1. What are the pairs, 6+ residues apart or on separate chains, where a residue within segment 303-331 that is more than 16 Å from Trp168 (Cβ to Cβ) has its Cβ under 9 Å from a residue that is hydroxyl-bearing (Ser, Thr, Tyr) and part of a loop (DSSP other than H, G, I, E, B)?
2. Kindly indicate the residue of segment 89-125 that is hydrophobic (A, V, I, L, M, F, W, C) and part of a strand (DSSP E or B) and also surrounded by the most Cβ atoms within 10 Å (Cβ to Cβ) among those meeting that condition.
3. Condition first: out of contact with any Ser or Thr (no Cβ under 7 Å at 6 or more places or on another chain), under 23 Å from Ala113 (Cβ atoms) and among the aromatic types (Phe, Trp, Tyr). Now tell me which residues in segment 311-330 satisfy that.
4. Would you mention how many residues in segment 188-201 are touching a Lys or Arg at 6+ places or on another chain (Cβ under 8 Å), within 17 Å of Phe144 (Cβ to Cβ) and in a helix (DSSP H, G or I)?
5. Restricting to segment 135-169, and then to whatever is free of Cβ contacts under 8 Å to residues at least 60 places away in the same chain and assigned to a loop (DSSP other than H, G, I, E, B), can you tell me which residue is farthest from Gly223 (Cα to Cα)?
6. Can you find a residue in segment 53-75 that is under 23 Å from Val176 (Cβ atoms), acidic (Asp, Glu) and crowded, with 21+ Cβ neighbours inside 10 Å?
7. Looking at the structure I just gave you, is Glu197 under 15 Å from the mean Cα position of the chain (by Cα) and not hydroxyl-bearing (Ser, Thr, Tyr)?
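FYI, it's all coordinate maths here, none of it is from the lab. Note that the structure is predicted; figures quoted are calculated from it, not measured. Methodologically, a virtual Cβ is constructed for each residue, glycine included, from the backbone with ideal geometry; neighbour enumeration extends over all protein chains shown.
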Amino acid sequence: MTPRIAIVILNWNGRRHLENFLPTVIRHSHPHASIIVADNASSDDSVQWLQAHHPEVRVIQLDKNYGFAKGYNEALKLVEAEFYLLLNSDVEVTPGWLEPLLEGMDSNPSLGACQPKMHLWADKASFEYAGAAGGWLDSLGYPFARGRVFDYCELDHGQYDDAIKVFWASGAALLVRAELYRRLGGLDEFFFAHQEEIDFCWRLQLAGFEVMVFPKSLVYHVGGGTLPKGNEWKVFLNFRNNLIMLAKNLPWYEVAWKLPFRFALDAVSAWRSLFHGQGIYFKAILEAHIGVIGWILIRRKQSVFPVSRKGKVHGWYHGSVIWQHFIKGKKQFSEIVG
């Protein structure tokens, strides 16, 4: 019998995270889900540890490290379920976490993807960077979330406990209809990692489906486990992928002015970093811009584009979160969006 939910954990050298967090996933996910670990050719003993300690967990061994996007796409070709739940290996789930997500999907056929509320594992009263209480996007393509604006994460006082439509759901704990995942081409493999879930949720909305957050479901996320903050490759991917995402999903007449404007804003950020002794950021942003130009001129065919542009998007902030946060000093989501 095909399971309703396949929880698929993509792993790369994450034996420590699996040992710490997989038991909570197993404990709190039955009877709704099967649990699968897709291993991105780890060089540690992750697979051996799984086989010895959790033989009930299916292991898919990929032949090399495909990154987050292609790693999931390759693994999910081998998984049959009504829903896929993409879950990071460094996530601690809580009792009853699946029920609100599943009930939300069952009650709304237009709902394509959703996420739980996410707290920081090291400070469980605080929202977590990667998803908080649901992701938004501003008019220039900068992502932020209910409970997290750039690097500022709010304490959770119940201020975002309503289940609402959002722009994007975190790839750290993303529930998606399997049929839609396949129909829309899955995650964009050119991205490798970072912001591929935002791109997917954008394409999902353009195809006429919705994205939501269900805060009655709660998980705790360590974050930054594979690529730590400040890593040159991570900075490069974030800047490059964000600009490519705009070029793919915005109408051409918006791309025509927003992309050059974003290049200019990124350049300001790069020079500011250089003057503060952070040459790694300057180099990574420069390389990201070169990568975007290369993608436009040569490598566009390697990306997944929207199958439709008729759907309405939610969680779109028509102003500039850069202006609100860095110029006007607003830190909280509610101060910016209202």
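1. Note: pairs meeting the criteria are His318/Ser139; Gly319/Ser139; Ser320/Ser139; Ser320/Tyr142; Ile322/Tyr142; Ile327/Ser320.
2. Per the criteria, the residue is Met118.
3. Trp316
4. Total meeting the criteria: 1.
5. Asp162
6. There is no residue in segment 53-75 that is under 23 Å from Val176 (Cβ atoms), acidic (Asp, Glu) and crowded, with 21+ Cβ neighbours inside 10 Å.
7. Here the answer is yes, as Glu197 does meet what is asked.
Per-residue answers, yes or no, for (1) within 12 Å of the chain's Cα centre (by Cα); (2) under 30 Å from Leu286 (Cα atoms):
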position: Ala172; (1), (2): yes, yes
position: Leu180; (1), (2): no, no
position: Phe190; (1), (2): no, yes
position: Gly223; (1), (2): yes, yes
position: Asn231; (1), (2): no, yes
position: Asn238; (1), (2): yes, yes
